[in-house]
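In what follows, a single structure is set out as structure tokens and then discussed.
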Amino acid sequence: MITLQCKLTFENEKDKQKLLELMRQFSSCNRYAYNRLLEGHKRKELKKHLQKVFNLNSRYCDDAIFKAQSLINSCKERGQNPKKVIFGGRKLFEKLKKKHLNGQQRERLEQKWQERRKGCLYSRGDKAKKGNLNTRIIIEKEGIKLRINTGERDWITANVRRTVNRPNDKWTGFIARLLEAEKTGEYFPYSVEIRLINGQIYAFISFEEELPKEPIITKEEGAIGIDINAKPFHLALVTVKPDGNLQAVNRISLHKLINKTRNQREYQSWQIAHQIVETAVVQDKAIVIEKLDTIPKGNKGDGSKKLRKIKRQWIYRGILEKIKVLAKREGIQVIEVNPAYTSIIGMLKYAPQYSLDKDTAGAYVIARKGLGFKEELPKHYENLISDEEYLEYAINKIEEEKQKTKERLNTEKNSYKKKPLKRKLQELSKQIKTLQSLNSEPQTQEPVNQRKEQVRGYSRSSYKLWQVVKVALTIPVLGKSVVRDLSPLKSMQVSGDWDRVVKRLVPVAWDRCYGVDKYRQLGTYPHLKKAEYKYPSPKCMS
């Protein structure tokens, strides 16, 4: 849907007052319908009742019910209580309750409150009624008019004022469609909402945009994968060739969205969406995004204040919706994929292989997934989790990390900081059980679960297997569960020699304070210190 704003002016004051009275009646009808719907009244019965009470025609009453029902549905979707809605705005209501406000400041707030509460008129579009019956756009020689039905076959007209400053303004296209509809008789519906703002009357016209029925740019020429990340707060973009090979990488910082108002974030989101779609047009690529249902934003007291603050301003779904709208306008194919394990696969497989960060590697996996490629586990990774010696080493390293976490938990006095430590302990315990179960599970059991997913006798593309490899590699080899430097995994992918990675020597600096000649006769060289293994394995310690 596209919504266009225009200003309404009147030839005489009488027509303006008629419209203001109609807006007051409609607003009251809308509030009344809202409360009756909450009480459980049916639409048909309520529609007849509203006509008698408010003296409005059936279409206006039906539109009031529609608007009230939309508000109830919106509250339920956002998890809010519909019974606590305040018409006119809760913030304004709370400000007006304060007794210390007086003078011009209070008058301005009261005017704004009354305009929001009483200054609204809405009329839905109807294709069979030349676009809109109650509020219809009429194009005359004198200019563009809005004809408004005030009841009992009484009509008033308002002059439509809209300045066109750009050649690609949507208003020009809207008027062109109206003129074409007048010639052909093929009308399209458009809804009109009239509002009173700062003493001026404005009309907001909404209609469906004409879009290409079939995408012009498809995945035949490749795709652009998009992944959003909270830390650092940015979008990762990866361009992939049709054969699945990496072509180009890019990132867009989202830090400019932090500490901004809702309208500022909305504007910046549209700018980012335009930038991504323009890139897809230039490169002639489809766009692949994640299909997200819910995004956890954390809870107060979880010990992650900074990350929670970023997630509270996370408008990823809004950006994706804007990308889909703009891409549809340009005829670009948008593919939505299941985001499960894309970050893990990217981190373990492609980040070390192409020297990418884990976020960019995740976007690469998303793009490949959109092109239809399946990700198989590297052969040396598969051999690694079958190596009993390595599994023993990995379990010992996780046990060491668990012991360190316990010590930190015992010394930590802040109750909020204890929460992430407790979660980490639970996660470490799960990881140990996962690795221990690799050798304890009998191989003769059924290799599928209730969803027919392979869990034993693992397939090389099994998601469960990728999770096992992550547990076996992150803390034992990289030292952390979330790490930016994934280069140590490259040699393990290529050669599979885990000993060389975990036993890599740490060179000791040459101590120039000792002279070789002075101690040569004693047979000792204090400057030659013994090198130690940075990551000793159980085999070396025996």
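For this structure, a couple of remarks:
- In segment 312-332, the residue that is modelled with the lowest pLDDT out of those that are open to solvent by 30 Å² or more (accessible area, probe 1.4 Å) and within 10 Å of the chain's Cα centre (by Cα) is Trp314.
- Taking segment 69-91 as the range and being in a helix (DSSP H, G or I) and either modelled with pLDDT under 85 or not hydrophobic (A, V, I, L, M, F, W, C) (or both) as the test, the residues that pass are Gln69, Ser70, Asn73, Ser74, Lys76, Glu77, Pro82, Lys83, Lys84, Arg90, Lys91.
The rows are residues; the columns are (1) free of Cβ contacts under 8 Å to residues at least 60 places away in the same chain; (2) open to solvent by 90 Å² or more (accessible area, probe 1.4 Å); (3) in a helix (DSSP H, G or I).
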site: Glu392; (1), (2), (3): no, yes, yes
site: Ile395; (1), (2), (3): yes, no, yes
site: Glu401; (1), (2), (3): no, no, yes
site: Glu407; (1), (2), (3): yes, yes, yes
site: Gln431; (1), (2), (3): yes, no, yes
site: Leu435; (1), (2), (3): yes, no, yes
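- Within segment 408-424, the presence of at least one residue that is at pLDDT 80 or above and β-branched (Val, Ile, Thr) is confirmed.
- Among (1) outside any helix (DSSP H, G or I); (2) over 30 Å from Thr172 (Cβ atoms), the one test that Glu220 misses: (1)
- In segment 257-291, the residue that is most open to solvent (accessible area, probe 1.4 Å) out of those that are more than 18 Å from Gln333 (Cβ to Cβ) and not in a helix (DSSP H, G or I) is Asn259.
- Scanning segment 219-241 for residues that are over 18 Å from Ile276 (Cβ atoms) and open to solvent by 70 Å² or more (accessible area, probe 1.4 Å) yields Glu220, Lys231, Lys241.
- Scanning segment 158-195 for residues that are out of contact with any Leu (no Cβ under 6 Å at 6 or more places or on another chain), open to solvent by less than 40 Å² (accessible area, probe 1.4 Å) and either closer than 29 Å to Lys112 by Cα or among the basic types (Lys, Arg) (or both) yields Asn159, Tyr190, Ser191, Val192, Glu193.
- Verdict on Phe66 being among the hydrophobic types (A, V, I, L, M, F, W, C), assigned to a helix (DSSP H, G or I) and open to solvent by 30 Å² or more (accessible area, probe 1.4 Å): yes
- The set of residues in segment 329-358 that are more than 18 Å from Gly222 (Cβ to Cβ) and among the charged types (D, E, K, R) comprises Arg329, Lys349, Asp357, Lys358.
- Those residues of segment 43-86 which are touching a Ser or Thr at 6+ places or on another chain (Cβ under 8 Å) and either in contact (Cβ under 8 Å) with a residue 60 or more places away in the chain or charged (D, E, K, R) (or both), in sequence order: Lys47, Arg59, Tyr60, Asp63
- For segment 44-63, a residue qualifies if it is assigned to a helix (DSSP H, G or I) and either under 19 Å from Gly125 (Cβ atoms) or open to solvent by less than 70 Å² (accessible area, probe 1.4 Å) (or both), and the qualifying residues are Leu46, Lys47, Leu50, Gln51, Phe54, Ser58, Arg59, Tyr60, Cys61, Asp62, Asp63.
- With respect to the conditions (1) under 30 Å from Lys369 (Cα atoms); (2) surrounded by 15 or more Cβ atoms within 10 Å (Cβ to Cβ); (3) among the aliphatic types (A, V, I, L, M); (4) out of contact with any strand residue (DSSP E or B) (no Cβ under 6 Å at 6 or more places or on another chain), Ile216 falls short on a single one, namely (2).
- Residue within segment 200-220 that is within 15 Å of the chain's Cα centre (by Cα) and touching a residue at least 60 places away in the same chain (Cβ under 8 Å) present: no
- Every pair of residues 6+ apart whose Cβ atoms lie under 8 Å, when the first sits in segment 328-342 and is part of a loop (DSSP other than H, G, I, E, B) while the second is modelled with pLDDT of 85 or more and surrounded by fewer than 18 Cβ atoms within 10 Å (Cβ to Cβ): Gly331/Ile216; Gln333/Thr218
- Of all residues in segment 154-165, exactly one satisfies the criterion of being in contact (Cβ under 8 Å) with a residue 40 or more places away in the chain and in a loop (DSSP other than H, G, I, E, B), namely Arg162.
- Among residues of segment 110-153, those that are in contact (Cβ under 8 Å) with a residue 40 or more places away in the chain, of a type in the set (Asp, Glu) and over 29 Å from Glu186 (Cβ atoms), counted: 1
- Residue tally, condition over 19 Å from Val468 (Cβ atoms), part of a loop (DSSP other than H, G, I, E, B) and open to solvent by less than 50 Å² (accessible area, probe 1.4 Å), over segment 343-388: 3
- Positions within segment 110-136 being under 18 Å from Ser27 (Cβ atoms) and either assigned to a helix (DSSP H, G or I) or modelled with pLDDT under 85 (or both), in sequence order: Glu110, Gln111, Lys112, Trp113, Gln114, Glu115, Arg116, Arg117, Lys118
- Asp293 being at pLDDT below 85 and within 18 Å of Ile366 (Cα to Cα): yes
- Checked against the criteria, Phe233 does not count as closer than 27 Å to Lys16 by Cα, within 26 Å of the chain's Cα centre (by Cα) and not small (Gly, Ala, Ser).
The values are calculated or read from the model by the stated rules, or taken from the named source; none is laboratory data. Fair warning: this is a prediction, and the values are worked out from it, not measured in the lab. All Cβ positions, glycine included, derive from the backbone under ideal geometry; neighbour counts span all protein chains shown. The area values use the complete protein model at the heavy-atom level, side chains included, leaving out ligands, DNA and RNA. Shrake-Rupley method; radii C 1.70, N 1.55, O 1.52, S 1.80 Å.
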